[in-house]
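Below is one structure, written out as structure tokens; comments come after it.
The values are calculated or read from the model by the stated rules, or taken from the named source; none is laboratory data. Treat the numbers as computed from the prediction; the structure is a model and nothing was measured. Cβ placement follows ideal geometry from the backbone for every residue including glycine, while neighbour counts extend to all protein chains displayed.
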Amino acid sequence: MEIIEKLKNKNVRFVEMWFTDIVGNAKSFSITIDELKDAIANGKGFDGSSIQGFTRIHESDMVAKPDLTTLQIFPWGDRKNRVARVFCDIQNPDGTPYEGDPRYVLKRNLEKAKDMGFSFYVGPEMEFFYFISSQKTEVLDRGGYFDLTPPDIGDELRRKTIIALQEMGIPVEYSHHEVAPSQHEIDLRYDEALRMADNVISFKYIVKEIAQQNGYFASFMPKPIFGANGSGMHTHQSLFSDDKNEFFSDKEPYYLSHNAKRFISGLLRFSKEITLVTNQWVNSYKRIVPGFEAPVYVTWACRNRSTLIRIPQYKPGKEKSTRVEYRSPDPAANPYLAFSVMLRAGLSGIENAFELPPPNEENIYTLNKQEIKNKKIQLLPGSLNEAIKETEKSEMVREALGNHIFNTLIENKKRIWEQYRSHITSYELKHDLPIL
């Protein structure tokens, strides 16, 4: 096959077969280049019983079928024995899609959008921290937002990361130092949602790999440092039909079309129900607290960054850039599932012609509890347990994820919450032990 010959000519000797488990951890197994032809034709079998959210022991046979559009060569390692990676679709032994494959879930929801005449584009802002090691949160710098503090080790790590991303065909818009010490952001260029979800998985791997190669540790933990801003994955999104941005209208307030307003309404209405997917860890809810940049309140606005949804300002001639920025997701989410539930929530708003409430341009963080109650402003779940309860009763999320992943996700998160609930924390030992 021509593609195999090209890989051999570039000294590729191994191909890593990539997929993710239910929580978005990258999984892989490696095959030699000589086995790739068979993998393309028939897929490669593996035991799925030990993969989180996959099958049970007695139904463990899975098949990984490579998607050759995702094939890329890693830009590091031995140049005479190079390694490539390819994302795979997970199938049952009979060749049918496996319903527990997060990539298949997103594909299925994109088909739903396609049936309605839309394609779904997203652009995530990926925030993360660099630390001296994985053992403690010892930062590399004391910089702040957009700071340039020479010698900036993080800045150099970001540059090396961007070069690696570009060499693997993943375009980057820009990068900068974020608000917290040793916190950084790299924004991936807007793209079709499936390709972007693949890129997010690759991005996280590459960020960690470059940090490790240079003797440091990169973390996508939502809130690793007490009292500092956490890391988000603000997700810009829009719907297109052919080359037309369905969110733009020059005849409507805020330049938002009827479809855009209904999409926003759907995101607002289902925001509590999808939070378990966009913010899936106990630590996620240490980030979603008042007083920091992470959103807490279920509102929308154009300029207000204390709201859940922000509409970036329209610039003449930039109609294709009209988009919705959903600000609660964090980078520890599974992008396939997160993009799926955000899309499905928005599409539900269009299908049901939900009415968009007025925007809220005031700084909600300055309001007291009674003022928030009087204005009927709702809050996102404040803990993993609250999020579980919201999602567990959601038919929309069940339909978006499918029964297998929905049930497995709820079970997984309940188990995590019970483990956390019974764990004795350093806070208790510090504050309670001496006086009780």
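When you scan the range 241-252, do you find a residue that is assigned by TED's automatic domain parsing to the domain that holds ALA332, in contact with a Phe, Trp or Tyr (Cβ under 9 Å, 6 or more places away or on another chain) and in a helix (DSSP H, G or I), even just one? Checked against the condition, which is being assigned by TED's automatic domain parsing to the domain that holds ALA332, in contact with a Phe, Trp or Tyr (Cβ under 9 Å, 6 or more places away or on another chain) and in a helix (DSSP H, G or I), the range 241-252 yields no hits at all.
Of the residues making up the range 127-145, just one is aromatic (Phe, Trp, Tyr) and modelled with pLDDT under 95, namely TYR145.
With a cut-off of at least 2 residues that are hydroxyl-bearing (Ser, Thr, Tyr) and touching a residue at least 12 places away in the same chain (Cβ under 8 Å), name the strands (runs of 3 or more DSSP E) lying wholly within the range 256-359.
Working: elements: 297-301, 307-310, 324-326.
Fully inside the range 256-359 and qualifying: 297-301.
Go through the residues of the range 35-49 one by one and say whether even a single one is touching a strand residue (DSSP E or B) at 6+ places or on another chain (Cβ under 8 Å), closer than 29 Å to ILE410 by Cβ and of a type in the set (Val, Ile, Thr). Looking through the range 35-49, none of the residues is touching a strand residue (DSSP E or B) at 6+ places or on another chain (Cβ under 8 Å), closer than 29 Å to ILE410 by Cβ and of a type in the set (Val, Ile, Thr). Which count do you get for residues in the range 251-279 that are in contact with a strand residue (DSSP E or B) (Cβ under 9 Å, 6 or more places away or on another chain) and among the aliphatic types (A, V, I, L, M)? Summing the residues that are in contact with a strand residue (DSSP E or B) (Cβ under 9 Å, 6 or more places away or on another chain) and among the aliphatic types (A, V, I, L, M) in the range 251-279 gives 5. For ALA64, the stated conditions hold: it is closer than 27 Å to ILE40 by Cα and in contact with a Gly (Cβ under 9 Å, 6 or more places away or on another chain). Each residue in the range 303-326 was checked for being surrounded by fewer than 19 Cβ atoms within 10 Å (Cβ to Cβ) and either in contact with a Phe, Trp or Tyr (Cβ under 6 Å, 6 or more places away or on another chain) or farther than 17 Å from PRO358 by Cα (or both), and 8 pass.
Scanning the range 413-434 for residues that are under 23 Å from the mean Cα position of the chain (by Cα) and either buried (at least 17 other Cβ atoms within 10 Å of the Cβ) or of a type in the set (A, V, I, L, M, F, W, C) (or both) yields LYS413, ILE416, TRP417. Within the range 399-436, the set of residues being polar (S, T, N, Q) and in contact (Cβ under 8 Å) with a residue 40 or more places away in the chain comprises ASN403, THR408, ASN412. Quick one: in the range 360-371, which of the residues that are assigned to a loop (DSSP other than H, G, I, E, B) and at pLDDT below 80 is farthest from SER265 (Cα to Cα)? By that ranking, first place goes to ASN368.
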